[in-house]
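Have a look at the structure below before the remarks.
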Amino acid sequence: MSAIFGLIPLALSTDRVWWMPSNGALHGLAIDHLMWWNLAILSALFVLAHILLITALFRSRPLKLHHSDGQQEEESRDRGRKVADKLWKSELILLFALTLLYTWMAISAQRLWATIRYQGAAPQALQVEVTGEQFQWYFRYPGTDAAFGLTRPELINAPAGNPLGIDRTDPHSTDDIISSILVLPAGREVDLNLRSIDVIHGFFIPGMRLKQNAVPGMPMHVHFTPSIPGDYAILCSQVCGLGHARMQTHLRVVSNDEYLTWLASHAPKPIEGATR
């Protein structure tokens, strides 16, 4: 019990640890808190279990009493029953406390999961389409009209500059921007529409505490708010083929002015929209 309370302060200090990437999202602090509580409890139980095992291993056994010494034998049994009763009560209290703590953690995790994935993003959230393909990530921005153009599988031709099969005859497609890196403004909520062209890919940004599979034929939405400018690695968390290790890119979080400048510099040509 003392070991658990001794590790609780560690669960509250989640600013930065050497073995974790720095957090750059608004929801990341809540995720880090839950993870630290879990690790602190598991570490305390690990230490407590080994203390009990070592204590039982090296505890000296009481000398056998003669049958004629009935009083001492009865006193020894009384002491054993009292110790067992105390241990039973302590174990019951510990289990009850752990049950309440893990119930709170489970409810908090479910609410956080629902907030990011099941609750819709705000109407003013930035819309970005994320497409996974062996072995590359593509990011599409709707442009000035705030609407994505149509895509057709038969038009997919990466060497020709159309890796997503965008139908350029659609008026909404003329200003769509395709990028191999994800650029987002800090402090603005973004709604990601994830899809895959071939196999299941795992869209994973450790620095944003964000992970979501991209499944063929099943559009998935996840929204978050990047808060700290910087570069963050984007990985694929699903083994998607022989080139899985190469399926990496990065997220660049910039100021709103820098984001608008980047959009303007990557606006497609009126004639053709090459990947940028």
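Summary table
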quantity	calculated
Selection count, the range 144-176, where residues are assigned to a loop (DSSP other than H, G, I, E, B), of a type in the set (Gly, Ala, Ser) and either free of Cβ contacts under 8 Å to residues at least 40 places away in the same chain or over 21 Å from Thr249 (Cβ atoms) (or both)	4
Matching entry among Leu184, Leu235 (being part of a strand (DSSP E or B) and open to solvent by less than 40 Å² (accessible area, probe 1.4 Å))	Leu184
First in the range 11-37 and open to solvent by 50 Å² or more (accessible area, probe 1.4 Å) and at pLDDT below 65, second anywhere and of a type in the set (Gly, Ala, Ser) and outside any helix (DSSP H, G or I), Cβ under 7 Å, 6 or more apart	Arg16/Ser22
Failed item in (1) more than 18 Å from the chain's Cα centre (by Cα); (2) farther than 30 Å from Thr169 by Cβ, with Thr261 passing the rest	(2)
Qualifying residue in the range 104-120 (condition: farther than 21 Å from Val183 by Cβ, basic (Lys, Arg) and modelled with pLDDT of 75 or more)	yes
All positions within the range 136-152 that are at pLDDT 90 or above and open to solvent by 50 Å² or more (accessible area, probe 1.4 Å)	Gln136
Identity of the residue in the range 153-173, within 24 Å of His221 (Cα to Cα) and under 32 Å from the mean Cα position of the chain (by Cα), that ends up surrounded by the fewest Cβ atoms within 10 Å (Cβ to Cβ)	Pro153
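The values are calculated or read from the model by the stated rules, or taken from the named source; none is laboratory data. Everything quoted here is computed from the prediction, not taken from an experiment. We place every Cβ from the backbone using ideal geometry, glycine too, and count neighbours over all the protein chains shown. Accessible surface areas use protein heavy atoms only, side chains included; no ligands, DNA or RNA. Shrake-Rupley method; radii C 1.70, N 1.55, O 1.52, S 1.80 Å.
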